[in-house]
Amino acid sequence: VGIAEQHAVTFAAGLAADGMKPFCALYSTFLQRGYDQVAHDVALQDLPVRFAIDRAGLVGADGATHAGTFDIGYLGTLPGMMIMAASDEAELARMIATATAYDDGPSAFRYPRGEGMGVEIPAVPETLAIGRGRIVREGSKVAILSLGARLPEALKAADLLGARGLSTTVADARFAKPLDKELILQLARHHECLITVEEGAMGGFGAFVLHYLAAEGALDNGLKIRTLTLPDRFQDHDKPEKMYADAGLDAQGIAAS
């Protein structure tokens, strides 16, 4: 549809209403143009449109106009929206399979510009349990809960912390909505501090986690928590690794926090 994103979203809603399985594939920043239609034509009617959100996170030379920083927040406010973020290309394949099988309402999966990790992609990807994350590394003192493609940097940060005597758990949230509440409470109860990491602006995944922990009273007993997001400004274009370092979302930045 070219740059007629509003039409794309409403057209996808019409296809879903007629029993088809539409995938609406747009850059994060271009989906912003169709947000009214996402809210009223898709979410309000609880239609199973699947949003494939490209350019999640920073995009290097494409600059601030193409940096996908807001979609976790702007989609996460909508009732019934299921949101996934892939940590590698195999996870992305599983999330596509999950979205394909999911007919209970709208869904989205976000993925970054650039290269994958080089992991093997399953020929027949399994679907994921909705709203369930995974523990990638077990520790006891610090917990890092990562959403999306910062997971390798979170694991490197755990190595840095481990070298300083801080045993670190690393978890891959997989879902920004619905949250894996059991996993989040487990991390909060069994670690001294919890750090969330995401390739997005404030008001997204970290805010959802904080909101849930506050509602459960899990912040009442001294849990140390930090939510690491992209900075509250439009970043000038540069190499992505330099931009993430500037944002404090590389291994050194996560470990420093």
> Which of the aspartates and glutamates could a cross-linker bridge to residue 21, judged by Cα under 15 Å and excluding same-chain residues fewer than eight apart?
Replying inline: 46, 103, 104
> Whole-Hz Karplus ³J(HN,Hα) for region 23-32, in order, using 6.51 cos²θ - 1.76 cosθ + 1.60 and θ = phi - 60°, x for Gly and Pro?
Replying inline: 10, 9, 9, 9, 5, 3, 6, 7, 4, 4
> If Lys and Arg each add +1 and Asp and Glu each add -1, what is the summed charge of the other residues whose beta carbon sits under 13 Å from the beta carbon of residue 221?
Replying inline: -1
> Between residue 46 and residue 18, what length comes free when the chain is fully extended (0.36 nm per residue of separation minus the Cα-Cα distance, one decimal in nm)?
Replying inline: 8.8 nm
>> Keeping every protein chain present and rolling a 1.4 Å probe, give me the accessible area per residue for region 124-238 in Å².
In response: 49
>> Can you show me the helix-derived [θ] at 222 nm for the chain, built from DSSP H runs with n ≥ 4 at -39,500 (n - 2.57) apiece and divided by the number of residues, rounded to the nearest 500.
In response: -9500 deg cm²/dmol
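Highest mean first, how do 116-128, 166-178, 204-216, 222-234 rank when packing is the count of other Cβ atoms within 10 Å averaged over residues?
Numbers: 116-128: 11.7, 166-178: 22.6, 204-216: 19.1, 222-234: 15.2.
Those peptides, ordered most packed to least, come out 166-178, 204-216, 222-234, 116-128.
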>> Between residue 216 and residue 257, what's the calculated FRET efficiency when r is the beta-carbon distance and R0 is 30 Å? Round to 0.05.
In response: 0.85
> Most fluctuating residue of 163, 39, 218 in a GNM of the chain with Cα springs under 10 Å: which is it?
Replying inline: 163
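Report relative contact order for the chain in percent, whole number only (criteria: Cα-Cα under 8 Å, sequence separation at least 6).
Result for the chain is 19 percent.
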> What is the distance, in nm, between label points placed 7 Å from the Cα along the Cα-to-Cβ direction at residue 126 and at residue 1?
Replying inline: 3.6
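Please report the carbon-and-sulfur percent of the accessible area for the chain; probe 1.4 Å, protein heavy atoms only, DNA, RNA and ligands left out.
Numbers: 6220 of 11800 Å².
It is 53 percent, rounded to a whole number.
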> In Å and whole numbers, how far do the C-alpha atoms of the chain stretch along each principal axis, longest first?
Replying inline: 56, 39, 37
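The values are calculated or read from the model by the stated rules, or taken from the named source; none is laboratory data. None of the values given here were measured: they were computed from a predicted structure. Heads up, the Cβs are rebuilt from the backbone with ideal geometry, glycines too, and the neighbour counts pull from every protein chain shown. Ligands, DNA and RNA are stripped out before the accessible areas are found, and what is left, the full protein with its side chains, is counted by its heavy atoms. Shrake-Rupley method; radii C 1.70, N 1.55, O 1.52, S 1.80 Å.
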